[in-house]
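A.B. asks: The structure's right below; bear with me while I get my questions together.
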Amino acid sequence: MLPVLRNRTYRHLFAAQVVALTGTGLATVALGLLAYDLAGPRAGSVLGTALAIKMVAYVAVAPAVGALAHRLPRRALMAGSDLARAAVALSLPFVDRVWQVYLLVFLLQAASAAFTPTFQAVIPDVLPDERDYTRALSLSRLAYDLESLFSPALAAALLAVTTYDRLFLGTAAGFLASAVLVLSAVVPRPAAGTGTGTAAAGPEAGRHAGHAHARAAAGVRLLLAAPPLRALLLLNLAVAAAGSLVTVNTVVYVRDLLGRGTGDVALALGAYGAGSMAVALALPRLLDRVPDRTVMLRGAAALAAALAAAGALTAAAPGPWRWPALLAAWAALGAAGSAVLTPAGRLVRRAVPAGRRTEAFAAQFSLSHACWLLTYPLAGWVGATAGLTAAAAALGVLAAGSALAAAALWCPSPEPATEPAAAAAREADRPSPRPEPAPAPASTATAAAGAGRLHRLLAPRHGH
């Protein structure tokens, strides 16, 4: 995995991602403390609203950025986003009203919505070899997981010697360092869109290429044009269902259901991150031998199974076994989510022409976060009104339904099995993979097949 860091451009961009994530983690801790200062017992509702605003910014801004990105140098766009985020972070210590928190959170996340899809679209051009790109995806997944573990620990250490408002200075420093690293990288120009990809949007997109709205809509059409990318949208919903239970209800599970201390909340979240990291480390070699479809669909099925286990844990009789069982369930959720998310960039890279990847990644970024905008309130409201068992059951049904629909939609490729080296050579010899067959029409026999149909769909098959 580490050999990709020999590429100077990727090394600088990856370092920019890491330091920006560290700054974001510090801001997360500081925002929680700021919300408590401003709202006291209502801090939870303030943070919940801020989280919803974050998702709204992602959903609304990312497609517009993808539509306009072709007019701007990508390096300047990423560096400008970092500078905007640093300016917002420097403003947060002076906030004294809740509405100001909401406004600044929207601006901060709008800048993130500009940076992240552009960053995702640059990496395939920096690392054109698919194996290198897969390693880069795993490193990116590890960066997110390590941030969730490292940033709270760093924040705790800093809070021992300073006040929480100084953490925003660390956030600004992280974004400024990210901007410097981005500007020091030599970002290649995007390849011209040839329309040869699986998800080419056709002449209609070309006629409206000059209009931002049309280009944003074209980015969504890119994702809807290829069956694997349509399936990816459903798989994003399964990941959001599982991740929302962890994000929203971990503190309730640990503190109320199990009666454990605050330190165990961090331990449970750490188990989730550890499961995700373990799979991210293993996936580069696994994906050399196993098709993406098999890995991702089995990951989605595992998400539904782990949510069912969480529901059973909630309904079970009290006992000391429930704490290690919770850690195991959270680790399984993290591992399964990583199995779905890590290969996602490979699907976009294969299916979309190089010159249109920014639009596609922006649409994927926006639509995936729209899933979280749905599941965050579902996890919170159902858990608060009907209990944790009902929340786990509802989210489990959502994840299982999404996995089934994705499996039915994403037909396996008819290509025969090949050795990894041959597969790599084939990828190098052609600009994009052959189009996958359109999904077969649904029939009433599909519903009657039940669990047997799911087993056949998730069985290992060749192709992606």
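None of the figures in this text is laboratory data; all of them are computed from the coordinates on show. Because the structure is a prediction, the values reported are computed rather than measured. Quick reminder, even Gly has a Cβ in these numbers, built from the backbone with ideal geometry, and neighbours come from all protein chains shown.
A.B. asks: Counting other beta carbons within 10 Å of each residue's own, what order do Asp292, Asp165 fall into, fewest first? Walk me through the numbers on the way to the answer.
C.D. replies: Values: Asp292 21, Asp165 15.
Listing Asp292, Asp165 from fewest to most nearby Cβ atoms yields Asp165, Asp292.
A.B. asks: What is the distance, in nm, between label points placed 7 Å from the Cα along the Cα-to-Cβ direction at Ala52 and at Leu183?
C.D. replies: Inter-label distance under the simple model: 3.9 nm.
A.B. asks: Right, here's the next one. Kindly put Val348, Val65, Val290, Val95 in sequence by how many other C-beta atoms sit within 10 Å of each C-beta, fewest to most. Don't skip to the end; give the middle numbers.
C.D. replies: Values: Val348 24, Val65 27, Val290 14, Val95 19.
Placing the least packed residue first, the sequence is Val290, Val95, Val348, Val65.
A.B. asks: Ordered by residue, what ³J(HN,Hα) values in Hz, to whole numbers, does segment 124-140 give under the Karplus form 6.51 cos²θ - 1.76 cosθ + 1.60, where θ = phi - 60° and Gly and Pro are x?
C.D. replies: x, 6, 6, 10, x, 5, 5, 5, 4, 5, 4, 5, 5, 4, 5, 5, 5
A.B. asks: How high is the FRET efficiency between Ala87 and Leu267 when r is their beta carbon distance and R₀ equals 30 Å, given to the nearest 0.05? Write down the numbers at each step before the final one.
C.D. replies: Values: r = 36 Å, r/R0 = 1.19.
The computed FRET efficiency comes out at 0.25.
A.B. asks: For segment 89-171, count all C-alpha to C-alpha pairs, find those more than 23 Å apart, and express that count as a whole percent of the total. Show your work: numbers first, answer last.
C.D. replies: Values: 1504 of 3403 pairs.
That fraction is 44 percent.
A.B. asks: In addition: If you place +1 on the Cβ of every Lys and Arg, -1 on the Cβ of every Asp and Glu, and leave all else neutral, what size is the dipole of segment 291-407 about its Cα centre, to the nearest 20 Debye? Each step should come with its number before you reach the end.
C.D. replies: Working: 8 positive and 2 negative charges, 79 e Å.
That gives segment 291-407 a dipole magnitude of about 380 debye.
A.B. asks: Stick to the Cα atoms of segment 277-393, pair each with every other, and give me the Kirkwood hydrodynamic radius in Å at one decimal.
C.D. replies: Details: mean 1/r = 0.0614 Å⁻¹.
For segment 277-393, inverting the mean 1/r across all distinct Cα pairs yields 16.3 Å.
A.B. asks: Can I ask one more? What is the order of Val246, Val122, Val180, fewest Cβ neighbours within 10 Å to most?
C.D. replies: Fewest-to-most Cβ neighbours within 10 Å comes out as Val180, Val246, Val122.
A.B. asks: May I ask for the net charge around Ser184, where only other residues with Cβ less than 14 Å from the Cβ of Ser184 are counted and Lys, Arg are +1 while Asp, Glu are -1? Walk me through the numbers before you get to the answer.
C.D. replies: Values: positive: Arg8, Arg11, Arg75; negative: Asp82.
Here the charged neighbours net out to +2.
A.B. asks: Could you work out the per residue convex hull volume over the alpha carbons of segment 260-312, in cubic angstrom?
C.D. replies: Details: hull volume 3.6 nm³, N = 53.
For segment 260-312, the hull spanned by Cα atoms encloses 69 Å³ per residue.
A.B. asks: Ranked highest first by average number of other Cβ atoms within 10 Å, how do 217-223, 403-409 line up?
C.D. replies: Taking the mean over residues of other Cβ atoms within 10 Å, the ranking is 217-223, 403-409.
A.B. asks: So, R0 is 35 Å and r is the distance between the beta-carbons of Phe150 and Arg260; what FRET efficiency does that work out to, to 0.05?
C.D. replies: Numbers: r = 23 Å, r/R0 = 0.65.
Computed FRET efficiency for Phe150 and Arg260 comes out at 0.95.
A.B. asks: Next up: What does the net charge come to around Ala173 if you take all other residues with beta carbon closer than 12 Å to its beta carbon, with K and R at +1 and D and E at -1?
C.D. replies: Details: positive: Arg85, Arg166; negative: Asp82.
Around Ala173, the surrounding residues sum to +1.
A.B. asks: Would you mind counting up the charge near Ala15? Only other residues with Cβ under 14 Å from its Cβ, with Lys and Arg at +1 and Asp and Glu at -1.
C.D. replies: Values: positive: Arg6, Arg8, Arg11; negative: Asp82, Glu147.
Charge balance in the 14 Å sphere: +1.
A.B. asks: Percentage of Cα-Cα pair distances in segment 7-183 greater than 25 Å, rounded to whole percent? Show your work: numbers first, answer last.
C.D. replies: Details: 5174 of 15576 pairs.
Tail fraction, whole percent: 33.
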